[in-house]
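The values are calculated or read from the model by the stated rules, or taken from the named source; none is laboratory data. All values reported here derive from a predicted model rather than from experimental measurement. Here the Cβ is made from the backbone with ideal geometry for all residues, glycine too, and neighbour counts use every protein chain on show. These area figures cover heavy atoms from the full protein model, side chains too; ligands, DNA and RNA do not enter into them. Shrake-Rupley method; radii C 1.70, N 1.55, O 1.52, S 1.80 Å.
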Amino acid sequence: MPSLSHDHLELESSSHVPETYRWPPSHRHDYPTTSTANIPVVDISLPEAASLIDSACRSWGVFYVTSHGIPSHLLQAAETQTHRLFSLPLHRKLLASRRPGSISGFGRPPLSAFFPKLMWSEGFTLAGNPLNEVASTLWPEPDHDHDSRSHFCELMDDYKKSMRDLARKLLRLTLASIGGHGDGEERVGWLGLKDQMIEALQLNSYPPCPEPEKAIGMATHTDSGFLTILHQSGNMEGLQVLQPNDGSDPIQWVPIRPMAGALVVHVGDLLQILSNGRFKSVRHRAVVSRSEHRVSMAYFYGPPSDVKVGPMVLPGQCPIYRPTTWPEYLEIRARLFDGSLESIKISHT
Ligand SMILES: C=C1C[C@]23C[C@@]1(O)CC[C@H]2[C@@]12CCC[C@@](C)(C(=O)O1)[C@H]2[C@@H]3C(=O)O
Ligand SMILES: O=C(O)CCC(=O)C(=O)O
Ligand SMILES: [Fe+2]
């Protein structure tokens, strides 16, 4: 019998999928998937990287990035720390539960409020600077290893720093193709506010599931920031994206398999706004496996909290979205979720 605690199930020890975790067929992953789609791969060391990114963001809203400069030992070590974190007993992880009004902590991510069923995953969000706070709850002294805590904090700090540099590089390349000439910094002052850009790290754990076709690891969504950089563990499949479609073709989910040496980049809603709809935020989800325990680490990157992001347009072009800050936009998403972008559209009738 699986044990329940504070509405959290010991997923790993469950022998079946309880009703609260059984998704209706329309959400499930027995949906058609294709493996033939060509997800763009962008080598950012190439001189044509900006135009490759432009094309990837317009067509799919997702791409693999290579030559990203993040050492594989750092990715591997961060993944090991993530596994260690999730392998702590549930009662200890629950001590670090997200408090009302806070972004950081252990627990269900905001999107779960929009779905009637629970997701087959656990998540930790680390935003702002709560790393030490969360870590000291998980590895309290003196009874627990002080080195475990500092090792976790040092690695996650290094990981965030490397992701920050990469996100900045990607954003610069991306801006090069939006809204005309000049480098990004000339056109968007906030890019100079380097230290005030907002970031969040989401650590996801998807334990093996006895009936994977009945469950969902992470429900379909778009990310809300500019860019998300995702590292997924080992050779395990899980991430899928919805193939862009004008509505006339059947829905097609495309697996984004881990690719050696590559990270995955998602276009988020704020980049769709900034590009005035030229780039499309990608709808994606994570499915689960019967035998494998997958983890992923998603790094979210967006503007300083008080910066209004509006479309970058050339003179004579019409902006199609009204400007919004990331926190304002998150509030809109907390009410409307999928309808959020539509709700900030400007009508030009
Ligand atoms: C900065 C953030 C992005 C995020 C909301 C958050 O404040 C922290 C959690 C992030 C996350 C992770 C899982 C998917 C997602 C849609 C969610 O519900 O929580 C994203 C949010 C987002 O992109 O809006
Ligand atoms: O685990 C994955 O592959 C997807 C995670 C994700 O979409 C997210 O954290 O926003
Ligand atoms: Fe996501």
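Residues that are open to solvent by less than 10 Å² (accessible area, probe 1.4 Å) and within 18 Å of the chain's Cα centre (by Cα): does the stretch 175-197 have at least one?
No: the stretch 175-197 contains no residue that is open to solvent by less than 10 Å² (accessible area, probe 1.4 Å) and within 18 Å of the chain's Cα centre (by Cα).
When the stretch 262-285 is examined, which residues are found to be outside any loop (DSSP other than H, G, I, E, B) and among the basic types (Lys, Arg)?
Correct list: Arg285 only.
When you scan the stretch 44-133 for helices (runs of 4 or more DSSP H) that lie fully inside it, which ones turn up with 3 or more residues that are crowded, with 16+ Cβ neighbours inside 10 Å and in contact (Cβ under 8 Å) with a residue 60 or more places away in the chain?
Passing ranges, in order: 49-59, 72-86.
Based on what the data block shows, is Ala49 at pLDDT 95 or above and more than 16 Å from ligand 3 (Cβ to nearest atom)? Break it down into steps so the answer makes sense when it comes.
Details: at pLDDT 95 or above: yes; more than 16 Å from ligand 3 (Cβ to nearest atom): yes.
Considered against the rule, which asks whether it is at pLDDT 95 or above and more than 16 Å from ligand 3 (Cβ to nearest atom), Ala49 comes out as yes.
Return the total of residues in the stretch 322-347 being open to solvent by 70 Å² or more (accessible area, probe 1.4 Å), more than 16 Å from ligand 2 (Cβ to nearest atom) and not charged (D, E, K, R).
2
What about Val288, is it in contact (Cβ under 8 Å) with a residue 12 or more places away in the chain, in a loop (DSSP other than H, G, I, E, B) and in contact with a strand residue (DSSP E or B) (Cβ under 8 Å, 6 or more places away or on another chain)?
Yes, satisfied.
Can you give me the number of residues within the stretch 185-219 that are closer than 29 Å to Lys169 by Cβ and away from ligand 1 (no atom under 16 Å from the Cβ)?
Result for the stretch 185-219: 11.
Of (1) hydroxyl-bearing (Ser, Thr, Tyr); (2) within 15 Å of ligand 1 (Cβ to nearest atom); (3) touching a Gly at 6+ places or on another chain (Cβ under 8 Å), Ser289 satisfies all except one. Which?
The one condition Ser289 does not meet is (2).
Output the number of residues of the stretch 237-258 satisfying the condition of being open to solvent by 20 Å² or more (accessible area, probe 1.4 Å) and either under 17 Å from the mean Cα position of the chain (by Cα) or among the β-branched types (Val, Ile, Thr) (or both).
Residues that pass the stated criteria total 5.
When you scan the stretch 285-301, do you find a residue that is farther than 22 Å from Gln202 by Cα and open to solvent by less than 60 Å² (accessible area, probe 1.4 Å), even just one?
So far as the stretch 285-301 goes, no, none of its residues is farther than 22 Å from Gln202 by Cα and open to solvent by less than 60 Å² (accessible area, probe 1.4 Å).
Residue by residue, here is whether (1) within 11 Å of ligand 3 (Cβ to nearest atom); (2) in a loop (DSSP other than H, G, I, E, B); (3) within 23 Å of Tyr21 (Cβ to Cβ) holds:
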residue: Ser205; (1), (2), (3): no, no, yes
residue: Thr220; (1), (2), (3): yes, no, yes
residue: Ser224; (1), (2), (3): yes, yes, no
residue: His231; (1), (2), (3): no, no, no
residue: Met236; (1), (2), (3): no, yes, yes
residue: Asp246; (1), (2), (3): no, yes, no
residue: Val254; (1), (2), (3): no, no, no
residue: Ala260; (1), (2), (3): no, yes, no
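What number goes with the only condition from (1) open to solvent by 10 Å² or more (accessible area, probe 1.4 Å); (2) within 14 Å of ligand 2 (Cβ to nearest atom) that Gln272 does not pass?
(2)
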